[in-house]
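Note sheet for the following structure.
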Ligand SMILES: Cc1ncc(COP(=O)(O)O)c(C=O)c1O
């Protein structure tokens, strides 16, 4: 069971948001156009899911968010990580959903004067919860999706640190339009040396001769990626991070994408050529089964505090 993608519903419909100390309908969330989050993509974020009333790996997501805040020097957010966790609970509780998806975003904020000195900004926290969704359709989840290897390269890690989850993503935009032009919906980007990195919203894995590889650099350190590597160890599969060339990816027996928004998503073709026999492979299927089973593991999950639906608003 991998959850439901709300095909056809407008993105974000029915969500509950939090901003400037207030909970509100997600459709009411607004940032000023003067926020550097809008003007410079000067922001960082994280996304966590809730499955059967429990957050999955909430502590890992909060730790990654905190690391992003520190690396980007967001020092005036005004909320500590425990309060941010309560706000996440508050959004999910108000949404009232059993399966949900929470985004937590920090933006730089609006500078005080026309020289836009970034040190004068008051950072802004935005959180929202929506019903659970995946980034691929239900059909793709079952049968696999079609990806291309884009000509556009990933923004180099020396320019923008990809371990800070961020919306500075025009490389993904160009790559996605390449994909649309080549009858695919998703694109994986290479780095300047021709090695595989990631796509918008996911890490990638390739299985060849029983060895499971995922790119070791130039990517977000995905929490689903981490979970898959742990599961592969449990299954005695040699799973590791490595440099992967585009040709190695194209020649793999099985390929899948990993994301909090979808879990493990099989790939059925690359550049129009079938991966393996074109159906999700046995290792992909076994890992998917175990991944969802882990969502009942008390050590990796946190029950949603649905009591926080009625709590007082948090002061910023
Ligand atoms: C660029 C990028 N890579 C990888 C991932 C997967 O990370 P995670 O498994 O933590 O959701 C994401 C998630 O949104 C992402 O945006």
Does residue 134 satisfy the criteria of being touching a helix residue (DSSP H, G or I) at 6+ places or on another chain (Cβ under 8 Å), surrounded by 15 or more Cβ atoms within 10 Å (Cβ to Cβ) and at negative phi?
-> yes
Counting only residues that are in contact with a helix residue (DSSP H, G or I) (Cβ under 9 Å, 6 or more places away or on another chain), touching a residue at least 60 places away in the same chain (Cβ under 8 Å) and farther than 17 Å from residue 212 by Cβ, the stretch 262-277 contains a total of 3
So, in the stretch 195-206, of the ones that are part of a strand (DSSP E or B) and out of contact with any helix residue (DSSP H, G or I) (no Cβ under 6 Å at 6 or more places or on another chain), which residue ends up nearest to the ligand (Cβ to nearest atom)?
-> 202
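Would you confirm whether or not the stretch 227-249 contains a residue that is within 10 Å of the ligand (Cβ to nearest atom), touching a residue at least 24 places away in the same chain (Cβ under 8 Å) and farther than 21 Å from residue 149 by Cα? Show your work before the answer.
Pass one, the stretch 227-249, residues within 10 Å of the ligand (Cβ to nearest atom): 227-228.
Filter once more, so that each one left must be touching a residue at least 24 places away in the same chain (Cβ under 8 Å): 227-228.
Restricting the remaining residues to those that are farther than 21 Å from residue 149 by Cα gives 227-228.
Within the stretch 227-249 (the criterion being within 10 Å of the ligand (Cβ to nearest atom), touching a residue at least 24 places away in the same chain (Cβ under 8 Å) and farther than 21 Å from residue 149 by Cα), the answer is yes, since at least one residue qualifies.
Within the stretch 171-194, identify whether any single residue is within 14 Å of the chain's Cα centre (by Cα), modelled with pLDDT of 95 or more, near the ligand (Cβ under 10 Å from one of its atoms) and not in a loop (DSSP other than H, G, I, E, B), and answer yes or no.
yes
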Candidates 142, 152, filtered to the one that is within 16 Å of the ligand (Cβ to nearest atom) and either part of a loop (DSSP other than H, G, I, E, B) or touching a strand residue (DSSP E or B) at 6+ places or on another chain (Cβ under 9 Å) (or both) | 152
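The values are calculated or read from the model by the stated rules, or taken from the named source; none is laboratory data. Predicted model, so just to flag it, every value in this text is computed and none were measured. Cβ coordinates were reconstructed from backbone atoms using ideal geometry, including for glycine residues, and neighbour counts include every protein chain displayed.
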